[in-house]
1. What does the charge count around LEU54 come to, taking other residues whose C-beta lies under 12 Å from its C-beta (Lys +1, Arg +1, Asp -1, Glu -1)?
2. Ignoring the sites themselves, what is the longest stretch of the chain with no chymotrypsin sites (Phe, Trp or Tyr not before Pro) in a DSSP loop and at most 14 other beta-carbon atoms within 10 Å?
3. Between region 83-114 and region 133-157, how many Å separate their Cα centres?
4. So what does log10 I(q)/I(0) come out to for region 81-188 at q = 0.12, 0.13 Å⁻¹, using the Debye formula with one equal point on every Cα and no solvent?
5. Quick one: length gained pulling ARG69 to ILE127 fully straight, 0.36 nm per residue minus the C-alpha distance?
6. Expressed in nm to one decimal, what extension gain is obtained for the pair ARG215 and ALA42 from 0.36 nm per residue of sequence separation less their Cα-Cα distance?
7. Quick one: compute the contact order of the chain, relative version, from alpha carbon pairs under 8 angstrom and 6+ residues apart, as a percent.
8. If the reach is capped at under 30 angstrom between alpha carbons, list the lysines near LYS200, excluding any in the same chain fewer than eight residues apart.
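Every read-out reported here was derived from the displayed coordinates using simple, explicitly stated rules and does not represent laboratory data. Quantities reported herein were computed from a predicted structural model and do not represent experimental measurements. Glycine gets a Cβ as well: all are built from the backbone with ideal geometry, and neighbour counts include every protein chain shown.
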Amino acid sequence: MRILLIEDDMVLGAAVRDQIAGDGQSVDWVTRLDAAGDAVRAAAYDLILLDLMLPDGRGIGFLKALRARGDVTPVIILTALDQVSDRIEGLNAGADDYLAKPFDLAELSARIGSVSRRYSGNPNPIISHGALDIDLARRSVHRDGRPVALTAREWALFEAFLARPGQLLSRVQLEDKLYAFDAEVESNTIEVHVSRLRKKLGAGVIETERGLGYRLGRA
């Protein structure tokens, strides 16, 4: 997934960014609402992590504006405001989840996965695809009953295909899902990861439409 993190606490922001990147996801981190507005206009995000108290305003206003213009991007609020009234306000404004600071980073990863699965239309973390048994929550894959070890980046790429079965994804679309704005991406990076997934999961697991992109195939 490509995630937008809106957080002005530099220590917490760095920890959350590193946690998300360690999960193999792409994260763009901004510390102000004006920069967040620029980011959502420039890129399509799969999820937004939103602090409520920013230097240039309250995150609730940003969230309400997002929903008012029809943007349905999942939003998880991360805030030190932990009163029941604060939670109600955030959820009523259109948030999908609410996590009070301080929080455990592993719990944040779990909540990100849970929200993304609900939006994909399949809240069940256990799915089967041909010879593959996949646990989305644990980020594990078994082929013919045997575990297959994937790197964080390989998992993130495979998950992008699982979330869009049958959909053709271009190299640029996949790079946008896997890498942040400022990341340096070599021209053959996606091809290398696809090749490794095929070796580990089966030659037909990802199909190529020459010159157009890739789609999930039969495992």
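1. Summing Lys and Arg as +1 and Asp and Glu as -1 gives -4.
2. 1-102
3. So the separation of the two Cα centres works out to 27 Å.
4. -0.58, -0.66
5. The span from ARG69 to ILE127 would gain 17.5 nm if fully extended.
6. Numbers: separation 173, 0.36 × 173 = 62.28 nm, distance 2.48 nm.
Value of the extension gain: 59.8 nm.
7. Details: 341 pairs, mean separation 38.8, N = 219.
Computed value for the chain: 18 percent relative contact order.
8. LYS177
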